[in-house]
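The values are calculated or read from the model by the stated rules, or taken from the named source; none is laboratory data. Please read all numbers here as calculations on a predicted model, not as lab measurements. Cβ sites come from the backbone with ideal geometry, for glycine too, and all protein chains shown count toward neighbours. Heads up: the accessible areas ignore ligands, DNA and RNA and are worked out on the full protein's heavy atoms, side chains in. Shrake-Rupley method; radii C 1.70, N 1.55, O 1.52, S 1.80 Å.
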Amino acid sequence: MRLKDTGTIRRTHASCGLGLFADTCLRMPHIMLGSLLVYLVLLVPLALSETKPDSMANLETALSATIHPLVPLTALLSFYSVATAFSWTFDRQATDLYGALPVRKRTQFLALLLSSVAAPLFGLLVAWLVSCAILGFGPNVAPMIPWLGVQLLLVVTFSGLSVLCTQAAGRAGTAFLCFMMVGIYAEAMRQLGHALYFLVDPTFGLFLQGVHANATWLSPLARLYQLSLHITGAAGTPAPWMSQLWQALGVYALVSTLCMGVAAWLFGRRDLERAGDGFVYVAAQELVVALFSLAMGAGLACVLFFMVIGPAKWQLSGVPAPLICLVTTAFTALSYATVTAVAKRSVRSVRGHIPVLAVTASIALVASVALGWAGTSNASYIPPASEIKSATMSELSMPITSKSAIKSLRNLHAKLNEARTSSYGATWKAYSSFGIAYQMKDGSSVIRSYSLPCTEDGTILDTDAAIAVRRFKAEGALDANLRQTVSSMLAGKEEVWVSVDCQDSSNGTDTSYRVSSADYSSLQEKLDADINKNGAARITSVPNESALSLSMSYVSPSKGDLTITMVLSEKTTPSTLAWLRERYATTMPALRE
């Protein structure tokens, strides 16, 4: 073939590709109009409010707040646009027409991909230009530029993920299932894993651990949505979260570009005869069914123990690890068999998938065994005393820093573990939460939460765990710890803030009065007398009905984050309260009898 003929063929392919692009765009006016309306509704009111002379609105903050609803909307709009552009690949009759076009598959793919991206971008750009026109295209438009960049990256991110899912699936429904699994599956499995871990080890404290604060990067939709929530919640200082959003969008846009390349490769090898099937590639089908079955198995296990059996059976001692492993593996295998039978419309079809079923069940078994082993080890773990910087208890508003008090706390921790492991099968109707938190010298923390059985009116029952807690509070180690901490803090007069705090329950207001540093010596003397008489546990166990309290904290964060709160009442601190009334009766009205 001559070079001249080759050039003619290339121009012909390019011309057909442009025609296919234009034809596909003409089939998606509803997407263009829908995206235009969405962006106009969000942007135009903000632009109009900014032009008012008496407006106090911050355009940058208002634009940041719109990212929250736009993350899921952009995800759905991008997928719908891609699915519409490639809709003929789901129709066996249409594949004959498009397959006969004198256009290379690579050119076809690029034309369809560009049209699927252009449709939502049309509405975005038109709404953006209209808003800029309202603002006058002046300096006021500056916040609109980074906002537009965020939206462009969102469209690129979700379009790349969507086009990969459409090339693996043979129907729009299964493509959407794949898209949602890519977007949130890893985060959902992480949360289910934490829930199963919590079942084995209730001391883990499901809602106390900081690991739940950030969604995993492996779930783009969940990660971006959570960042948008942080941006909306931090209306005053959204900059740190915005920088994290830009970082995430940059990474996801790069990954989505790679997904587009993989999708182009799959499109060139796509069997058009499988249009209308659930999946075009058998490997993709087996992978999706296996992942879906793993999630169903873990989810059903959580439903069984959290809702059907109920926390009364496991909240105190936890679910035995072998039982968790057995239930999770059985539910996973049952889920795989059920999904396969429904998809194939035949129970006998499960026989041909037994190897994959065995692999899926084995993965569930290994994962549940790992969670069970980790949970069992974690439940019995007590940090070494040499690595503990300080500790706190949920019922005491003071830090535990002395070696003797930390030793006593570790002994209490060991007794709580013994009481927990010896209470399998015991159930009570009500529980009271009791927490221990260790601050380690390396900056990490170890948090444990225990459930103490109680009556329905909140009275703690005389179980082994409750008796151990009461004995710990009665020990002299806590008294010495409080005296030592108070003495250490009051020694640095200019570095400590000491105040009398008053809570007015009638109107919900709080009032604080500072104690002069010149009186710290006298204050320490009175506090020591009350500690010797009533004990540290009573003084620092602030009841809800207490109106007066004495607080001590460091002025500079570099000195530490230790805070002590003590009850001011006739029963617990009579000497301190009498001295404060004598010394500050005129300047602190709350102290008057």
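Modelled spin labels at residue 376 and residue 529, positioned 7 Å past Cα toward Cβ, are 5.7 nm from each other. Mean residue ellipticity, 222 nm, helices only, the chain: the sum of -39500 (n - 2.57) across DSSP H runs of n ≥ 4, divided by residue count and rounded to 500, is -21000 deg cm²/dmol.
Once the Cβ-Cβ distance between residue 421 and residue 386 is put in as r, and R0 is 25 Å, what FRET efficiency do you end up with, to the nearest 0.05? Taking R0 as 25 Å, the efficiency between residue 421 and residue 386 is 0.45.
Distance between the modelled labels on residue 309 and residue 282, one decimal in nanometres: 3.9 nm (7 Å Cα→Cβ projection). Put simply, the convex hull of the Cα atoms in the stretch 281-380 casts, on average, a shadow of 6.8 nm². Over the stretch 13-276, accessible surface divided per residue gives 44 Å², non-protein components excluded, 1.4 Å probe.
In terms of the mean number of neighbouring beta-carbon atoms within 10 Å, the peptides 39-51, 67-79, 157-169 order highest first as 157-169, 67-79, 39-51.
Ordering 170, 486, 320 by Cα displacement along the dipole of the chain toward the positive end leaves 170 in first place; charges were set at the Cβ atoms of Lys, Arg (+1) and Asp, Glu (-1).
Note: relative contact order over the chain, using C-alpha pairs below 8 Å and six or more positions apart, is 11 percent. Need one number: the % of Cα-Cα pairs in the chain sitting beyond the 34 Å mark. Summing the P(r) of the chain above 34 Å gives 61 percent of all pairs. Considering the dipole of the chain built from charges on the beta carbon (Lys and Arg +1, Asp and Glu -1) around the Cα centre, which of 129, 242, 218 is farthest to its positive end? Checked the options; the winner is 218.
Taking 24 Å as the straight-line reach from the Cα of residue 389, the lysines in range (excluding those fewer than 8 positions away in the same chain) are 403, 407, 415, 441, 473, 493, 559. Summing +1 for each Lys or Arg and -1 for each Asp or Glu among the other residues whose beta-carbon sits under 11 angstrom from that of residue 282 gives -2. For the chain, a simple Cβ point-charge model (Lys and Arg +1, Asp and Glu -1, everything else neutral) yields a dipole of about 2100 debye relative to the Cα centre. For the stretch 13-276, the normalised intensity computed at q = 0.09, 0.13 Å⁻¹ comes to -0.49, -0.90 (log10 of I(q)/I(0), Debye sum over alpha carbons, equal scatterers, no solvent). Highest average first, the peptides 281-291, 565-575 ordered by how many other beta carbon atoms sit within 10 Å of their residues are 565-575, 281-291.
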